[in-house]
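The structure under discussion appears below in the form of structure tokens.
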Amino acid sequence: MANIRTLFHPDLPIDRPIEKVITFSNRQPDVLAAEAREYVVTKNLGSEYLKLLNHFDDAQQGDRGGAECCVWLSGFYGSGKSSFAKYFGLTFDPDASVGDGHFSELFIKQFPDTTHSARFKALCQSLDVTVFLLDLAAMGIAGATHTPISTQLYGQVCRWAGYAPEAKIAQLEAKLDLDGRLEEFRQKAEESTGMEYADLRVLEAL
């Protein structure tokens, strides 16, 4: 009878805690490294990743099928939907660092088919994208049972762009930013109130 340890790769620990579910918010380098190394890309998974990759590339190019890429992931609980979406997103996220490298370097190694891995590498090097991974269950606004996905995504984009958390102020800042007058507006707001602009935005949000 074989020892259980011999059934696993010698470089992978089998005594570490295993999370019951994949969470988008857990981006600790050691956690990401473990998830990437232990992810098993089956033939079917590889095919689905390549299909999504092609749609994604077409959307980025804008001239091969349109400028949008909407995909619906479906499956039973525990079938791998969250990990599929998370790892695809992190592959293109410039902030997904793992040690001295990037998440994509570990993740792409899990593809046994060189066609898939080469395609991933080529797109990672050619595309400059910003990734927003939303955990809708954890990010719902307090007191609202059905916050629209667009509202949550809009809030994430505003925070990334450095705009105010309050929607109306964020819209004003975005318009001023497009006109090249946002910094002027911030300075005048501070001069007229005697307060830091960041503090003013917090007061408006209360």
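Here are some notes:
- Placing +1 on the Cβ of every Lys and Arg and -1 on the Cβ of every Asp and Glu, with no other charges, gives the chain a dipole of roughly 840 debye about its Cα centre.
- Kirkwood hydrodynamic radius (C-alpha pairs) into Stokes-Einstein, the stretch 1-122, 4 °C and 1.567 mPa s, D in µm²/s: 81
- Under the Debye formula (equal points on every Cα, no solvent term), log10 I(q)/I(0) of the stretch 150-206 at q = 0.17, 0.23, 0.30 Å⁻¹: -0.53, -0.93, -1.30
- Our coupling estimate for the stretch 97-105, obtained by passing each phi through the Karplus curve with A = 6.51, B = -1.76, C = 1.60 and θ = phi - 60°, is 8, 9, x, 8, x, 10, 3, 4, 5 Hz, Gly and Pro reported as x.
- Dimensions of the chain from C-alpha coordinates, computed as largest minus smallest value along each principal axis and given longest first, are 78, 43, 37 Å.
- Straight-line cross-link partners of Lys168 among the lysines, defined as a Cα under 20 Å from its Cα and at least 8 positions apart when in the same chain: Lys188.
- Residue order for Trp72, Trp160 - accessible surface, 1.4 angstrom probe, largest first: Trp72, Trp160
- Measuring with a 1.4 angstrom probe and ignoring ligands and nucleic acids, Leu7 comes out at about 130 Å² accessible.
- Portion, in percent, of the accessible area of the stretch 1-123 that falls on carbon or sulfur, probe 1.4 Å: 56
- The string of couplings for the stretch 32-42 from the Karplus curve (6.51, -1.76, 1.60, θ = phi - 60°) is 4, 4, 5, 5, 5, 5, 9, 6, 9, 8, 6 Hz, one whole number per residue in order, with x for Gly and Pro.
- Accessible-area rank, largest first, for Val157, Val98, Val71: Val71, Val157, Val98, with all protein chains present and a 1.4 angstrom probe.
- Charge-dipole axis of the chain as Lys and Arg at +1 and Asp and Glu at -1 on Cβ define it, positive-most pick from Leu106, Val157, Pro10: Pro10
- In this structure the chain gives 69 Å² per residue of accessible area when probed at 1.4 Å with all protein chains present.
- Residue with peak Gaussian network fluctuation, the chain [Cα springs, cutoff 10 Å], from Phe103, Phe76, Phe88: Phe76
- For Ser82, the solvent-accessible surface with a 1.4 Å probe is about 50 Å², rounded to the nearest 10.
- Computed accessible area, Thr130, all protein chains, 1.4 angstrom probe, square angstrom: 70
The values are calculated or read from the model by the stated rules, or taken from the named source; none is laboratory data. None of these values were measured; they are calculated from a predicted model. All Cβ positions, glycine included, derive from the backbone under ideal geometry; neighbour counts span all protein chains shown. The protein model used for the area step is the full one, side chains on, heavy atoms only, and it has no ligands, DNA or RNA in it. Shrake-Rupley method; radii C 1.70, N 1.55, O 1.52, S 1.80 Å.
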